[in-house]
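Trainee: Once you've had a glance at the structure underneath, I'll fire off some questions.
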Amino acid sequence: MCLKIKTCYIILSLFLIGLSTKSYAINPEKYIVNQASAKNFPLVSKGKTASILVSSTDFSGVLKVAEHLENDIFKVSDLHSKRIKNISDAEDFVVIIGTLGKSEIINQLAKDGKIDANQLQGKWEKFTTQIVENPFKGIKKALVIAGSDKRGTIYGIYDLSSQIGVSPWYFWADVPVKKQSELHVLPGIHSQGEPKVKYRGIFINDEAPALTGWAFEKFGGFNSKFYDNVFELILRMKGNYLWPAMWGRMFYVDDPQNAVLADEYGIVMGTSHHEPLTRAHAEWGKEKGKWDFNTNSETLINFWKDGIKRMGNKETIVTIGMRGDGDEPMTQGTAIGLLENIVKTQRNIIAEITQKPIEQTPQMWALYKEVQDYYDKGMTVPDDVTLLLCDDNWGNIRKLPELNAKPRKGGYGIYYHYDYVGGPRNYKWINTNQIERTWEQMDLAYQHGVDKIWIVNVGDIKPMEFPIEFFLDMAWNPEKFNAGNLQDYYVNWAKENFGNQFAGEIAEVLKLYTKYNARRKPELLDEKTYSITNYNEAERVLVDYQKLVKKANLINEKLKSDYKDAYYQLILFPVLASANLNELYVATAKNHLYVEQGRVSANDYAEKVKSLFEKDSLLTNYFHTKVANGKWNHMMSQTHIGYTNWQQPDKNVIPKTKTIEVSNKGEAKISVKDSPKEETSIKKNRDLSHARGFVEDNGYISIEAKNYSKAINSDAVKWTVIPNLGKTDSGITIKPSNVQPIEISEQSPRLEYNVHFFSKGKIKVSAYFSPTINFKMGDGLKYGIAFDSEKPQIMNLNADSSEKNWAQSVANNIKIITSDHQIENSGNHVLKIYAIDPALVLQKIVIETEEGKVLESYLGPPESFRKN
């Protein structure tokens, strides 16, 4: 957000015909096959398609989406489906689509016992898809897609589209549709059940210059033509909720058809956390006076009344509360009485205008930034209001309900970020979001009872395609996701979007580029980020990226040509552009060092910086002018090089370099200071015959947290490795997350690491954690640490809660907590990490002795030698 305005049968059938199931949550079973059988339903077979029947009395949005299904079948088969209006027009095979209670055809099938109404009656957004034999006279078989409500039916339609191979990203990322001549539906009742999270959505935000430039060029603005594509995208991913673009935009005013179309599709509309009662911030002009309830309440009340009148009966979650003008604090300090009065006034307006009991209009109050202080200091809102809890804008949840909190009728939601404008630095340009961190934090939220609203700030939509789909998939059923199957999600997503070509390889590239980009947001990178003198760090980072570039390019060469536009957008561009940016800053660092050392090669690196800076613009230009024949012009125009504070530069600014003047004899006075060399002492006649575990070298030991010697679990919690979550390897935490703090005892859950010291005396242990925030009441999240049998020290992850410390933690994407210990004897020892609070994610441990010196680096020293 901006700171300013700114059962078995199916499994057996699949096995017998040699098809693999799709294992991630939103679409766990594959019920479309390419082989006919007496029991299957022929959707497309022998040059014909089944006709489609939708009752004219059904929701207009259902009729609209049924047309999308017809188009999707044509994309796959090159055959046009016949739309029929009456049962009497039906022939042998027909797809019947409808909403229980709204479609007389579905009602009749339920009445006749052909479908089970109990599976749908009173359910939220549920659909069933099944084959019905002889549903009506003259029809041999029907494929019946029935919904419990409008969205249930629409999800059933789009689910079938997904099954036949149409990606949600067919428009937004040009994912091609694989041609198939035979499409048959397997028997059984196919359903995704009801969603676990009621409202699941995205927030288009910080949408200039990229999305704004594109939308105005392609559609003439953020109008209903633009939003038609957005609504469809959300529904294809089984989302249902949207906060629309808001940088100078007015969803209800820019095009009155925006709201009409949202209502038709069944998209639940909302407005951002600082736009009360459906009014866009841009609707408040200077002529209305000051945005101040104390001095201008009458104008504000009328302004809000007009918003609720305009809303009418359209499905909406109404934002209540108030922040200052332009998404800033309303007052200095905490004005609880004022805000409680504002909320009371707003609720009276809602009740007055809707002429309904207030609890019948869904409302949410966002505890964003300083507003959380109001809540923490005792402000309450009525029980039917959903409390929308927030992250810190960097993917770390700030507040969750206490485990012993009384249930709220309105429940709780989470507002999460994949994009942000604000301190310590904007991050908008490219995807830097690891789904492993999203899973870990949203699983934490779900286990604390947050299941009413999940909404994520997605910036310009592109280039956040992958994490967006993950977020909405997880929101449908968080219980289907765990630390062990996130790798499968990468692979299955690659299969779905690249026609099952190189799925494992694409998944690996996707997984690693987001990991590398998450180490530090590109906007925060500079020539000082990675050390070019210590641990060969900068070179190792470049090698990581170069390997990815090589792999990504190799896949691109072998990929079928019609997939290359999608591949460039989703995989290749972010890899090439991110690798180039990192190389640019390392080249700058080498230029600076070599100038200082008097090396003429500094000049080569100055030229290299120019070349790499130009390459960045060429990659962007290719995206804008060549990909999909220029369809995505403007979409990668976000500046990302040359930040000097939190706000973006007006244009990309090349890093400053220096040159060395060479005499006309081609000579230069060179005073070379060699980079310090790292010596390895392990191999210098050290006796390791009795050593166990990680071995001290150069006075330190570095350990990746997942490489423990022993993990002691309890009945209540289990140590869980989250693969790939971390700057250098993986994270480890205790699950489940909804447990009370654990008192340390001899039976405590703990991690043990065997280590071997050559030295003794004072020891410093630095534990590297994900930058988790204290989301509960109390002074912080804690863990215990000890060597051998010493009494554990209790360490507080959140002891320093200052703004400065927070900014450093999120910028570095790590929080390092240091403890001091005394080792009396050299030799083998055991480092013990004790679980106290859940949600701490340990990534790395660095142990430094008195004799050692851990050199400065961004990622910490590489892992030490380990003797088993």
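Read the figures in this text as sums done on the coordinates, not as results from a lab. Quick caveat, the model's predicted, so the values are computed rather than measured. Don't worry about glycine lacking a Cβ; one is built from the backbone with ideal geometry, like all the others, and counts go over all protein chains shown.
Trainee: Please order 398, 236, 279 by the number of other Cβ within 10 Å, starting at the fewest.
Mentor: Least to most surrounded, the residues fall as 398, 279, 236.
Trainee: Please provide three numbers in whole Å: the alpha-carbon extents of the chain along the principal axes, with the largest listed first.
Mentor: Ordered largest first, the chain gives principal extents of 91, 71, 69 Å.
Trainee: While we're looking at this one, here's another question. Net charge within 14 Å of residue 761 by Cβ-Cβ distance, Lys/Arg positive one each and Asp/Glu negative one each, not counting residue 761 itself?
Mentor: Summing Lys/Arg as +1 and Asp/Glu as -1 gives -3.
Trainee: Enumerate the amide H contacts of residue 782 below 5 Å, restricted to partners 5 or more residues apart or on another chain; note that Pro and chain-start residues carry no placed amide H.
Mentor: 797, 837
Trainee: Evaluate the charge dipole of region 8-185 about its Cα centre and quote only its size in Debye, nearest 20, assuming +1 on the Cβ of each Lys and Arg and -1 on the Cβ of each Asp and Glu.
Mentor: Dipole of region 8-185, to the nearest 20 debye: 120 debye.
Trainee: Amide H neighbours of residue 763 under 5 Å, at least 5 residues apart or on other chains, H built in the peptide plane: list them.
Mentor: Long-range HN contacts for residue 763: 821, 822, 823.
Trainee: Separate question: With equal scatterers on the alpha carbons only and no solvent term, can you work out the Debye log10 of I(q)/I(0) for region 344-399 at 0.16, 0.18, 0.20, 0.21 1/Å?
Mentor: -0.57, -0.68, -0.77, -0.82
Trainee: Moving on. For residue 207, which sequence-distant residues (separation of 5 or more, or a different chain) have an amide H within less than 5 Å of its own amide H, given hydrogens modelled in the peptide plane?
Mentor: HN-HN under 5 Å from residue 207: 246, 247.
Trainee: Still on this structure, please answer the following. For region 495-619, compute Rh as the Kirkwood radius over C-alpha pairs and then the Stokes-Einstein diffusion coefficient at 4 °C and 1.567 mPa s; write the answer in µm²/s, rounded to an integer.
Mentor: Using the Kirkwood radius from Cα pairs, D works out to 83 µm²/s.
Trainee: Between residue 646 and residue 82, with labels modelled 7 Å along Cα→Cβ, what's the label distance in nm to one decimal, could you check?
Mentor: 6.3
Trainee: Given the -39500 (n - 2.57) contribution per DSSP H run of 4+ residues, what per-residue ellipticity at 222 nm results for the chain, rounded to the nearest 500 deg cm²/dmol?
Mentor: It comes out at -10000 deg cm²/dmol, rounded to the nearest 500.
Trainee: Also, quick follow-up: For residue 688 and residue 820, calculate 0.36 nm times their separation in residues minus their Cα-Cα distance, and state this gained length in nm to one decimal.
Mentor: Separation in residues times 0.36 nm, less the Cα-Cα distance, equals 44.9 nm.
Trainee: Based only on other Cβ atoms within 10 Å, what is the fewest-to-most ordering of 298, 790?
Mentor: Neighbour counts put them in this order, fewest first: 298, 790.
Trainee: Here's something else I'd like to know. I'd like the Karplus ³J(HN,Hα) series for region 732-741: coefficients 6.51, -1.76, 1.60, θ = phi - 60°, whole numbers in Hz, and an x wherever there's a Gly or Pro.
Mentor: These are the phi-based 3J(HN,Hα) values: 9, 8, 9, 10, x, 9, 9, 10, 6, x Hz.
Trainee: How charged is the neighbourhood of residue 701? Take every other residue with its Cβ under 10 Å from the Cβ of residue 701, and add Lys/Arg as +1 and Asp/Glu as -1.
Mentor: With Lys, Arg at +1 and Asp, Glu at -1, the neighbours total -3.
Trainee: If you don't mind, another one. Can you give me the convex hull volume of the Cα atoms of region 199-483, divided per residue and expressed in Å³?
Mentor: Given the Cα convex hull of region 199-483, per-residue volume reads 128 Å³.
Trainee: Given all pairs of different Cα atoms, what value in angstroms does the Kirkwood hydrodynamic radius of region 148-225 take?
Mentor: By the Kirkwood definition, the hydrodynamic radius is 16.1 Å.
Trainee: Same structure again: Tell me the net charge near residue 557. Cut-off is 14 Å between Cβ atoms, residue 557 excluded, with +1 for each Lys or Arg and -1 for each Asp or Glu.
Mentor: +4
Trainee: Relative contact order for region 334-434 using alpha-carbon pairs under 8 Å, separation at least 6, rounded to a whole percent?
Mentor: 21
Trainee: Moving on to the next point. What is the fewest-to-most order of 520, 249, 686 by other Cβ atoms lying within 10 Å of their Cβ?
Mentor: Ordered from fewest to most neighbouring Cβ atoms within 10 Å, 520, 249, 686 come out as 686, 249, 520.
Trainee: Binning at 10 angstrom from zero up to the longest distance, how are the C-alpha pair distances of region 8-185 distributed in percent?
Mentor: 10, 39, 39, 12, 0
Trainee: While we're here: What FRET efficiency would be calculated for the residue pair residue 133, residue 738, taking the C-beta separation as r and a Förster radius of 45 Å, to the nearest 0.05?
Mentor: 0.45
Trainee: So what are the ³J(HN,Hα) numbers for region 226-240, from phi and the Karplus equation (6.51, -1.76, 1.60; θ = phi - 60°), rounded to whole Hz, Gly and Pro as x?
Mentor: 3J(HN,Hα) across region 226-240, in whole Hz: 5, 5, 4, 5, 5, 4, 4, 4, 4, 5, 5, 9, 6, x, 8.
Trainee: With the crude spin-label approximation of a point 7 Å out along Cα→Cβ, what separation in nm comes out for residue 92 versus residue 653?
Mentor: Label at residue 92, label at residue 653, 7.2 nm between them.
Trainee: ³J(HN,Hα) across region 194-202 via Karplus (A = 6.51, B = -1.76, C = 1.60, θ = phi - 60°), whole Hz, x for Gly/Pro?
Mentor: In residue order, the calculated couplings are 9, x, 7, 10, 5, 10, 9, x, 10 Hz.
Trainee: Still on this model: Jot down the per residue volume, in cubic angstrom and as a whole number, of the convex hull over the alpha-carbon atoms of region 720-854.
Mentor: 120
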